[in-house]
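This report concerns only the one structure given below.
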Amino acid sequence: MNNNPIEIRELSFSYESIPVLEEINLVIRKQDFMAIIGPNGGGKTTLIKLILGELEPDKGTITVFGEKPSKVSHRIGYVPQFSTFNKQYPIRVMEVVLSGMLKKFSLTPFYSHEEKLQALEMLESMKIQHLKDNQVSKLSGGQMQRMLIARAMMSNPEILILDEPTASVDIVMEQDIFEILHQLNQTKTIIVISHDVAFVSSYANKVVCLNRNLDIHDLKDVEVKYPNDKSKQTQIIHNCHL
Amino acid sequence: MNGLLYDFTHYQFLINAVLASIFASIILGLLGPLIVVKRISSICGGIAHSALGGIGIAVFLGIAPLWGALGASIAAALVISYTKLKGSQHEDIIISVIWSLGMAIGLIFIAMTPGYNRNIMTYLFGNILLVTNSEIVVSVVLSLIVFAAVFTFYRQLIAITFDEEFTVVRRLGRNVYFVLLLLMVSIAVVMLIKITGMILVIALMTLPSATAMLFVDKMSKVMFWSVVQSLIYCLTGLVVGYLLNLPIGATIIVICSLSYFVLLLLKKNLCCSGNKQ
Ligand SMILES: Nc1ncnc2c1ncn2[C@@H]1O[C@H](COP(=O)(O)OP(=O)(O)OP(=O)(O)O)[C@@H](O)[C@H]1O
Ligand SMILES: [Mg+2]
């Protein structure tokens, strides 16, 4: 047994013989704040789906908490890139957030009072408590994102994975969301996909670039190599972004 | 008016028609909203039409048609669930095949059964005035089962109809609840065959929910108002059809559709005048 939350060894994956990921090796340690960057179609979302056990690797292994991903995916908080839900659904923000605590089986249709208090607290920490009775169709992109983060956090997961959480939000909101993630990182392992290298490099302790193959840039390594040369550091990250 | 009240309290076939409407409305109102938000009305259409296959075989073998319908629609629900959950590319085709194959098998077996040809209209378009006592008993039991299941697993059913991927990642039993939903749809279809017939069943499953969704923003309320509306449409359709000697299933559907359009217009106007202020 090992203590690393996620270990990926020599993983390859293709969609119907089109290779998307090749020979990926990656270890995510406890309390990492890892950013994944890379071009569109680079395989970022695919890698996340493999970590969640939604897809099976063609070759190599992934273990999450030392187990097969599909057995433990419920211990990961996940905020998808494209929310697949029906935006017109008659459901309110509060109920969506509460569903983060739902169990497979239960004998009542109601959430307990404690669960509701917990959800309110979560809404407050995401600064959307005033929206709790809004129908989901009446949220802006950024508010929706916050709601989804709140839902993902309700089960108090050890790992939080966010697939481009800041794609549809303005700069202020983006700063806000990264601050929230920074707070959460005190107790949780975080993986975030982003195209915003500037934000990523100031918050993450590891930056991974994914374009079929994978490069790790431990920011600390880069800093050791190029002390005081911020532009060189950013450049390395930028290069990988191509 | 008195005559009407007398009829509806003294003739067993009218009493049965009222009872059938009540229990069918409960099921319709609970399941319809889930079907509408999950956008699976074509799946429900497939399940409904497959029932004719079961009816044909049952008639041919001399079994009660109701059981044939139940068997066939459950089989269809399972096949469609399997295809859908496997993520097959051919889902659409499978649904259409089940839809038409079910009807084809039904027609063949009915044709092979001497003297049964005329009754086929009952199954296609329903005849609520022919509901028997034992069918009432069956619908009471079935609607209790559906009610209990929807009540108990309300939150899980909401979760899989709202965000399926989320329920997969959270391991909330997506497969179990999806199959459960389609099995309940099979039950609903069987209960509605006598009322609206399998061809009109989809309208009665979706229109009341779509109407309710215009006005309320919470699933439990949508369900409540769907039950209420279904009940109103079924009962008014029954009375109007009975008085004017019209086919009752069709009358129910016409009332239901009219109401949808009227309320849609009303809502549009209400919201526009609200904006002007
Ligand atoms: N379901 C699928 N079936 C077939 N090919 C797919 C599927 N999903 C993704 N792909 C392909 O796999 C490659 C990687 O896709 P992926 O979604 O992982 O990229 P990404 O890095 O998340 O990109 P983006 O930045 O645009 O979100 C792309 O070339 C895409 O066309
Ligand atoms: Mg992606």
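Below are the figures for this structure:
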item: Packing-based order for B:258-265, A:138-145, using average beta carbon neighbours within 10 Å, highest first; result: A:138-145, B:258-265
item: A:His130 paired with B:Leu78, simple spin-label distance in nm, labels 7 Å along Cα-to-beta-carbon; result: 5.5 nm
item: Cα gyration tensor category, rounded, prolate or oblate, for segment B:93-186 with a/c compared to 1.5; result: oblate
item: A:Asn3/B:Val216 FRET efficiency (R0 60 Å; Cβ-Cβ; nearest 0.05); result: 0.75
item: Segment B:181-246 and segment A:49-93: distance between their alpha carbon centers, rounded to Å; result: 37 Å
item: Rounded if a/c under 1.5, otherwise prolate or oblate - segment B:1-112, Cα gyration tensor axes; result: oblate
item: Spherically averaged projected area in nm², based on the convex hull that wraps the Cα atoms of the protein assembly as shown; result: 30.3 nm²
item: B:Ala111/B:Tyr6 FRET efficiency (R0 41 Å; Cβ-Cβ; nearest 0.05); result: 0.50
item: Cα-Cα over 31 Å, subset of A:Lys138/B:Lys194; A:Lys87/B:Lys84; A:Lys116/B:Lys38; A:Lys71/A:Lys138; A:Lys103/A:Lys188; result: A:Lys138/B:Lys194; A:Lys71/A:Lys138
item: Inter-chain Cβ neighbour average for residues B:215-226, partner chain, 10 Å; result: 3
item: Projected label distance in nm at A:Asn213 and A:Ser140, using a 7 Å step from Cα toward the beta-carbon; result: 4.3 nm
item: Vicinal HN-Hα couplings computed from phi for segment B:183-188 (Karplus, 6.51 cos²θ - 1.76 cosθ + 1.60; Hz; Gly/Pro x); result: 5, 5, 4, 4, 4, 4
item: In nm, spacing of pseudo-spin labels at B:Asp92 and B:Ala148 (7 Å Cα→C-beta vector); result: 4.1 nm
item: Partner lysines for A:Lys68 [C-alpha distance under 19 Å; skip if fewer than 8 residues away on the same chain]; result: A:Lys30, A:Lys49, A:Lys59
item: Fraction of beta bridges assigned by DSSP in chain A that are antiparallel (%, nearest 5); result: 55 percent
item: Global geometry of chain B, whether rounded, prolate or oblate, following the gyration tensor of its Cα atoms and the 1.5 cut on a/c; result: oblate
item: At 1.306 mPa s and 10 °C, Stokes diffusion of chain A via Kirkwood alpha-carbon radius, µm² per second; result: 84 µm²/s
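FYI, it's all coordinate maths here, none of it is from the lab. Note that this is a predicted model, so its numbers are computed, not measured. Cβ atoms come from the backbone with ideal geometry, glycine included; neighbour counts cover every protein chain shown.
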